[in-house]
């Protein structure tokens, strides 16, 4: 089968399209014919091996243990391994797996769900990681109906879901922060107010929110706290810096250490997709309360270009990879 592989850590240039053996499903796994895959910041981190903490976490100290990148996936079940009871060949599913930038991939049964009928494979392939992160961030911030929510980074992969989920879960007022060029997108997602960070500072203290989500930002904790009500909650989701050892995660650590000594509730988020989250997200998608935003779709051979675009910071929502191969001609 064709797959995007890399044998060393580095920039997108280390990725190449190659022919490798098709995987075989083990116990509790299914073999997927991959229709589409999603691109997120985690893909870049695992490709680059940065920050170094990723390598120490078991992904390979000197070289990647997993040659094929990609986690978000949508596809058709081709075969099932021993013990699988929820799916059978022919089922259309979405979720996560190891190595979705390939024509075939194996996934654990409990990391998949039936693909919502109203989504294309490309839309379904960009849901799980980013939408689960947004959902868990709102839960960590103890979102309740009637609260005022600020989403910093509202036009990105996680942010576009966070705006929609906050409204669907009962937030009284949702303010999205993005560049002026993306304001129309954030409004279309249901934001009650949109702030252009190039013209206004959302943390200048003139507005106060019950819950602030800071997504992949780098604002100091002190400034973020200025945007909170006296008992408000701050949830830091990711953080992109050039730190070699822990990247932008230092703010999350400092938030956890500071939280017991202040009235604000400060949290950092380490998100992991969960089966129960897929169920909740699927229900919201089917009801029309949650819709993926696909900025652009690339063919499998151009994964490196997709990652470069993601890192440029110009993406509106998510990037999808359409996996082309025998029996699936391109529709682009």
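The values are calculated or read from the model by the stated rules, or taken from the named source; none is laboratory data. What you see is a predicted model; the values in this text were computed from it and never measured. Don't worry about glycine lacking a Cβ; one is built from the backbone with ideal geometry, like all the others, and counts go over all protein chains shown.
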If you go through region 144-171 one residue at a time, how many are in contact with a strand residue (DSSP E or B) (Cβ under 6 Å, 6 or more places away or on another chain) and in a loop (DSSP other than H, G, I, E, B)? 5
From the list 306, 270, 255, exactly one residue is closer than 18 Å to residue 102 by Cα and either touching a helix residue (DSSP H, G or I) at 6+ places or on another chain (Cβ under 9 Å) or at pLDDT 95 or above (or both). Which is it? 306
Which one is nearest to residue 293 (Cα to Cα), of the residues in region 195-216 that are under 22 Å from the mean Cα position of the chain (by Cα) and crowded, with 22+ Cβ neighbours inside 10 Å? 215
Give region 262-273 a look and list any residue that's more than 13 Å from the chain's Cα centre (by Cα) and in a loop (DSSP other than H, G, I, E, B), or say none. 262, 263, 264
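Does residue 155 satisfy being surrounded by fewer than 18 Cβ atoms within 10 Å (Cβ to Cβ) and either closer than 12 Å to residue 316 by Cα or modelled with pLDDT of 95 or more (or both)?
no
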Filter region 69-116 for residues that are part of a strand (DSSP E or B) and within 16 Å of the chain's Cα centre (by Cα); which is farthest from residue 297 (Cα to Cα)? 112
Out of all the residues in region 172-194, which are closer than 22 Å to residue 230 by Cα and part of a strand (DSSP E or B)? 173, 174, 175, 176, 177, 193
Quick one: how many residues across region 167-194 are over 21 Å from the mean Cα position of the chain (by Cα), surrounded by 14 or more Cβ atoms within 10 Å (Cβ to Cβ) and farther than 24 Å from residue 313 by Cβ? 4
Total residues in region 118-143, condition touching a strand residue (DSSP E or B) at 6+ places or on another chain (Cβ under 9 Å), part of a loop (DSSP other than H, G, I, E, B) and more than 30 Å from residue 21 (Cβ to Cβ): 4
If I filter region 274-293 for residues that are part of a strand (DSSP E or B), in contact with a helix residue (DSSP H, G or I) (Cβ under 9 Å, 6 or more places away or on another chain), surrounded by 18 or more Cβ atoms within 10 Å (Cβ to Cβ) and modelled with pLDDT of 95 or more, do I get at least one hit? no
When the residues of region 104-124 are narrowed to those that are touching a helix residue (DSSP H, G or I) at 6+ places or on another chain (Cβ under 8 Å) and surrounded by fewer than 24 Cβ atoms within 10 Å (Cβ to Cβ), which ends up farthest from residue 320 (Cα to Cα)? 110
